[in-house]
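One structure below.
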Amino acid sequence: MKIVVFADVHYFGGDISKAKFNTQKKLVQYAAPLIERLVDTVNSEDIDVCVNLGDLIQDVQDKQKDVECLKLMFEKIERMNCPCYSVFGNHDLKAMDSIAEFEEAMGCKTTFSVNCGGYHLVFLTTELRPELGLDRGGCYKAQYLSAKTIEWLKNDLAANELPCIIFTHYGVAEDESIQDECMFMKNRADVKEIIKRDKNILAVFSGHLHITKELEEDGIKYYLLGSMTACGETPGVPTGVYFELDLCDDKLTVTEKHIE
């Protein structure tokens, strides 16, 4: 079984000249063409599932506009010849007041699991807490898994006997090189307590940090995937980074690739 994973595309539907973020750091003008090329790549290969790790858009803090931009990007990824599942990040959720409101607007689930090709895939989206404010790109507003989701995760994993991979937007493993708490899921300790006790977990994948890295805690592999549109080693050129996962029995091979 093969899975393609991408993250932090940051499609921007506004006037880039008026953007309030660093457009040299997030090369948002490449978002749509990169996704189109990724779709073509997936469709030219034998890929079973594709996963979006969130921040598909760079919000403009307007519900209607943000939903329009999300739907535009979903139209592109729905061209894939395989299922494409999504978790959602702080920029996707920023203009919304609740997960229920987001799910109604988008017509999709935000936390769920599927069995595919003999594997159990779990998708976790954080809750929305408007009282935490919009500082730092809306991170604080959408940085926690809800108590309901944590209970759901316990029950879901308890009922599963298949090799399992978990996908979420926020980082879960600790990384001493990053001190900013805005970069991590706030109640990650509760999540890791569940994960480390489960014998079926193969790995956990997340985006948000805009870096590509492998970490390990309690014998569990945590993979961070960088932003597809972040500036790479060459100024003005996006990384185009994505992962290709190869699964065979309980063996997982992760390959870092880049859109040409």
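With a requirement of 1 or more residues that are open to solvent by 10 Å² or more (accessible area, probe 1.4 Å) and within 23 Å of Leu245 (Cα to Cα), the strands (runs of 3 or more DSSP E) lying completely within the range 149-226 that satisfy it span 201-206, 213-217, 220-224. Kindly indicate whether Thr110 is without any contact (Cβ under 8 Å) to a residue 40 or more places away in the chain, in a loop (DSSP other than H, G, I, E, B) and out of contact with any Gly (no Cβ under 9 Å at 6 or more places or on another chain). Taking the combined requirement at face value, the residue satisfies it. In the set (1) within 16 Å of the chain's Cα centre (by Cα); (2) β-branched (Val, Ile, Thr); (3) at pLDDT below 95, the condition left unmet by Ile178 is number (1). When restricted to residues that are assigned to a helix (DSSP H, G or I) and either surrounded by 15 or more Cβ atoms within 10 Å (Cβ to Cβ) or of a type in the set (Ser, Thr, Tyr) (or both), the range 126-148 contains 6. Looking only at residues that are open to solvent by 60 Å² or more (accessible area, probe 1.4 Å) and either among the hydrophobic types (A, V, I, L, M, F, W, C) or touching an Asp or Glu at 6+ places or on another chain (Cβ under 7 Å) (or both) in the range 70-115, which one is nearest to Tyr144 (Cα to Cα)? This residue is Ala100. Within the range 69-85, residues that are without any contact (Cβ under 8 Å) to a residue 40 or more places away in the chain and of a type in the set (A, V, I, L, M) sit with their Cβ atoms under 8 Å from residues that are surrounded by fewer than 20 Cβ atoms within 10 Å (Cβ to Cβ) and part of a helix (DSSP H, G or I), at 6+ positions apart or across chains, in these pairs: Leu70/Met106. Across the range 11-48, the number of residues qualifying as out of contact with any His (no Cβ under 7 Å at 6 or more places or on another chain) and within 17 Å of Phe88 (Cα to Cα) comes to 3. Somewhere in the range 94-114, is a residue farther than 30 Å from Ile194 by Cβ and touching a helix residue (DSSP H, G or I) at 6+ places or on another chain (Cβ under 8 Å)? Yes, there is a match, as at least one residue in the range 94-114 is farther than 30 Å from Ile194 by Cβ and touching a helix residue (DSSP H, G or I) at 6+ places or on another chain (Cβ under 8 Å). Taken over the range 1-51, the residue count meeting the criterion of being among the charged types (D, E, K, R), in a loop (DSSP other than H, G, I, E, B), touching a residue at least 24 places away in the same chain (Cβ under 8 Å) and out of contact with any Lys or Arg (no Cβ under 6 Å at 6 or more places or on another chain) is 4. If we scan the range 105-112, do we find a residue that is modelled with pLDDT of 95 or more, under 15 Å from the mean Cα position of the chain (by Cα), more than 21 Å from Val42 (Cβ to Cβ) and charged (D, E, K, R)? Within the range 105-112, one or more residues are modelled with pLDDT of 95 or more, under 15 Å from the mean Cα position of the chain (by Cα), more than 21 Å from Val42 (Cβ to Cβ) and charged (D, E, K, R). When you look at Val67, is it surrounded by fewer than 22 Cβ atoms within 10 Å (Cβ to Cβ), more than 24 Å from Phe205 (Cα to Cα), at pLDDT 95 or above and not hydroxyl-bearing (Ser, Thr, Tyr), yes or no? So Val67 passes the test.
The values are calculated or read from the model by the stated rules, or taken from the named source; none is laboratory data. No experiment lies behind these values; they were computed from the predicted model shown. We place every Cβ from the backbone using ideal geometry, glycine too, and count neighbours over all the protein chains shown. We work out accessible area using only protein heavy atoms, side chains counted, and drop any ligands, DNA or RNA first. Shrake-Rupley method; radii C 1.70, N 1.55, O 1.52, S 1.80 Å.
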